[in-house]
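Report on the structure given below.
The values are calculated or read from the model by the stated rules, or taken from the named source; none is laboratory data. Fair warning: this is a prediction, and the values are worked out from it, not measured in the lab. When we count neighbours, we look across all protein chains shown, and the Cβ atoms used for this are built from the backbone with ideal geometry, even at glycine. Only protein heavy atoms, including side chains, enter the accessible area calculation; ligands, DNA and RNA are left aside. Shrake-Rupley method; radii C 1.70, N 1.55, O 1.52, S 1.80 Å.
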Amino acid sequence: MSHRLNPQDEPVLDVDDIQGNILLGFNKDHQRLIGVSFHEMPSAKAWLRRILPHISSTREVFHFNTLFRLARSRRGGGEAVGLIASWFNIAFSRDGIAKLTSAAQADDLPDTAFVNGLGKDRSIALGDFAPLPADDPTSNWVVGGTGRAPDVLLIIASDSPAQLDELTRVVIPNEAVDSPGAPSIVWQELGETRPDLPGHEHFGFKDGVSQPGVYGLISKRPRVFLTPRFLKPSAAGEVNFAKPGQPLILPGNFVLGYPSNNRNDGTPVDPPPLRQPWFRNGSFLVFRRLNQNVAGFHQFLAAQAAILAQRPEFSGLRPERLGAQLVGRWPSGAPISRVPDRDDPALARAPLANNDFFFGKDTPAPDLLPGVTPPAVFPAALEGANGPVCPHAAHILKVNPRDLASDVGPDFDTLTRRILRRGIPFGQPLKPGSLVDDGAERGLHFLCYQSSIEQQFEFLQQRWMNSAGGPASGGHDIIVGQRPDLHREAEIRAIHPGDRLSEKITAPTQWVTPTGGGYFFAPSISALSTVLAADSPVSALTASRKKRRPAARPTPGG
Ligand code: N7H
C-alpha cells in the first residue's frame, strides 16, 4: 500500500484559520520576536482582541507568495522590486494558555513537552550543557527557561525594516491604547538575514534549502495545492514527492486535526480526537535561541583540515571541504552527495536539483510532470554501490536520513520526524574570513512547527543529533548536537568518495550554545477569537463545539 493520496482525497486545509507562518513560512529578511507576559486577564484579552485582525493567515501568505513567484519569474528570476509584505503571528506557552482558559484546558493539549515547558528537565534531556550536573542549563538564558517562559511569543516579519517597525508598533501592548494592567514586553530581538550573504546562517552556509512538502488543498475547485507539484506520482509503496527531494507529508504531522502518516508504511492515519475542539488548526512551535561561536568553528576547520591534509588520503583537504562534510552541503547550499569535490553555486540555486539526492542509493533522473522545465544538467548523486559520499554524521543526514532506514524505522518513519523550520539569524556577521572572535553575540533564532514536539524536534535533537549511533552509525552531529559532557566526535570521509576511508574527528568544544527558548502553541485564528481572547471562554467554547466540522478523512490511494 502507498502513502500516496488520490488528488480527490486530499484534505482542504482551513487556510483562513491556520496561522500563515506554520505551513508556508513568512520567509522575510527581517523578523522580530517579542516575548510578552500577562498581568490582568481582562486587559490581556482586550489586547488580544485588538491585535487579532492583524494576524496573518495561510491564505494571505499563500497569495502573496504566489504573486511574488509570478513577478520574479516574469523578471527572469530577478528581484520583485516593490513587492513588500509584512506578517504577524502569535503563539502561547502552557502558562499563557492556562491563564486565558484554565490549567485543565492547557494541560489537555496533546504534547507532554509543551505541557511541561522548556525548563530545566527538558533542557537537560536535550543535552544542554551546565557547569555542574545539578545545575539548571537554562539559568543564564536571556529568554525563557525554568519558570520564566513568556506567556506569549509574537513573530513579526517584513521585507522592509520600516514596515516591520510600523507593524510592531501596532501589535505590541501599548499603555496609551490598551487598558490598565495590559501585558508587558519581557524580551525582544531582531532577526535579520545576513547583509553580506543573504539566506546564509552565521557559519556561512545557505539555510532553508530543504523543507518538506505538505499534502493539502487551498481550494478544491479549481484544485490548488498548498505545495506545488513538479513530479509524477511515485510507484506504489514508495514515498511520494512534490519536487525532487521534497516528500509530500500529510498535514496532521504539522497541524492538529488532520490525518498524519503511519510510521511503518506512510498510509494516512486519522487524527486522534482532540480534547478541546479549539485545538484544531493549531501547531506546536519550538523556539531555541542558539548562539554560534563562528570564529571557534572556523578555527577548528582550519586546524583540523591542516592536520588531516598531511595524510595522503586527505591530501589537499581545505577547511571549506571539511565544513561541507560536517554539514552535508557546501556554503552555497549545493549538496556534497552531488558535488563531493567542489562547491557549485548554480546547483545550489536550482530548486529542482538542489534537493535531488538520496543517501542510500544512486538518484534516478526525476520523472517530471509534462510542462515542467527540467533543471540544467548537474552531476548525479551516486550514493549507491560507490557510496556513501555524505558522512553519516553530517548535520543534514542526522536530521533527515531521507531514503536510508534509520535506527528506529523505514523511510516512512523519517517522514513523521520532519519539521517546518522558520529560523533566521540574529546579531551581526563576523567579518568574513576572520578567525578571531570579536566578542559580539550572534546566532540563530531556531523556530520550527510540528504536531508533536516530543516525536519531532526533541526526537531529532536527542535521539539523532546528540547520539553517535542514530539515524545511522557514524558519529554525533558535531555542529548542532548537544552533550552535557561536550564530547562529540564524527567520522568524516577521505577525499576520494567511494574509497571507504574515514577518519574520526573530535570536536574540542561546542560552537552552538542554547541561550534561550521555549515551547509554544500557535492556535487557530478562530480559537483566538472564540476562546482565548473571548471574555467568557466557557460559553465561547460551547459555541465553537456547535460549529465544529468533522476532520477530513482521506482514503489511501494509488
Ligand atoms: Fe539545521 N548549519 O549551518 O549547519 N541546518 N542548523 N537544525 N537543519 C540545515 O537544508 C544549522 C538546527 C535541520 O532536509 C542546513 O536548509 C545551524 C536544529 C533540518 O536535508 C544547514 C544550526 C535542528 C534541516 C543547517 C541548526 C535543525 C536542516 C542545510 C544552529 C532541529 C533540513 C540547509 C545554529 C532539531 C535537512 C537546508 C534536510 C538543515 C545548519 C540548527 C534541523 C546549513 C548552524 C536545532 C531538519
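Listed values, structure above:
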read-out	value
Relative contact order %, the chain, counting alpha carbon pairs below 8 Å whose residues are six or more apart	23
The chain: angle of helix 161-171 to the longest principal axis, Cα-based, in degrees nearest 10	30
Two-site label geometry, ARG75 and ALA302: point separation in nm, points 7 Å out along Cα→Cβ	3.8
With every protein chain in place, the range 146-201: carbon and sulfur % of accessible area (1.4 Å)	56
Rounded FRET efficiency, nearest 0.05, which uses the C-beta distance separating SER184 from ALA236 and R0 of 56 Å	0.50
Per residue accessible area in Å² of the range 190-247, where ligands, DNA and RNA are left out and the probe is 1.4 Å	42
Projected label distance in nm at ASN116 and HIS63, using a 7 Å step from Cα toward the beta-carbon	4.3
Helix 294-309 vs. the chain, principal-axis angle (Cα, 0 to 90°, nearest 10)	20
Accessible-area composition of the range 1-111, carbon plus sulfur, in percent [1.4 Å probe]	52
Accessible surface, 1.4 Å probe, highest first, among residues GLU40, GLU192, GLU79, GLU458	GLU79, GLU40, GLU192, GLU458
Three-way shape label, the range 374-415, alpha-carbon gyration tensor, a/c 1.5	prolate
Separation between Cα centres of the range 251-277 and the range 445-461, rounded to whole Å	16
Between the range 409-443 and the range 506-523, the alpha-carbon center distance in angstrom	10
Rounded tilt (10° steps) of 41-51 against the dominant C-alpha axis of the chain	70
Accessible surface of the range 417-487 [probe 1.4 Å, protein heavy atoms]: carbon and sulfur percent	53
Accessible area (Å², per residue) of the range 1-137, counting only protein heavy atoms and a probe of 1.4 Å	42
Centre separation in Å (Cα based) which lies between the range 226-243 and the range 323-373	18
Relative packing of 88-94, 289-295, which averages over residues the other C-beta atoms within 10 Å, highest first	88-94, 289-295
Gain in span if fully extended, ALA130 to ARG318, counting 0.36 nm per residue against the direct Cα distance	64.3 nm
Candidate residues ARG418, ARG69: accessible-area rank, largest first, probe 1.4 Å	ARG69, ARG418
Amide H contacts under 5 Å for SER467, placed H, 5+ residues apart	ASP477
Over the chain: helical MRE at 222 nm, DSSP H runs n ≥ 4 each giving -39500 (n - 2.57), nearest 500	-5500 deg cm²/dmol
Stretchable slack from ASP9 to ALA365, in nm (0.36 nm times residue separation minus alpha-carbon distance)	125.3 nm
Solvent-accessible area per residue for the range 381-447 (1.4 angstrom probe, square angstrom)	36
Contact order relative to length of the range 241-384, as percent, for alpha carbon pairs under 8 angstrom and 6 or more apart	16
Area of LEU132 that stays accessible when all protein chains are in place (1.4 Å probe, Å², to 10)	100
Accessible area, probe 1.4 Å, largest first, for residues MET41, MET465	MET41, MET465
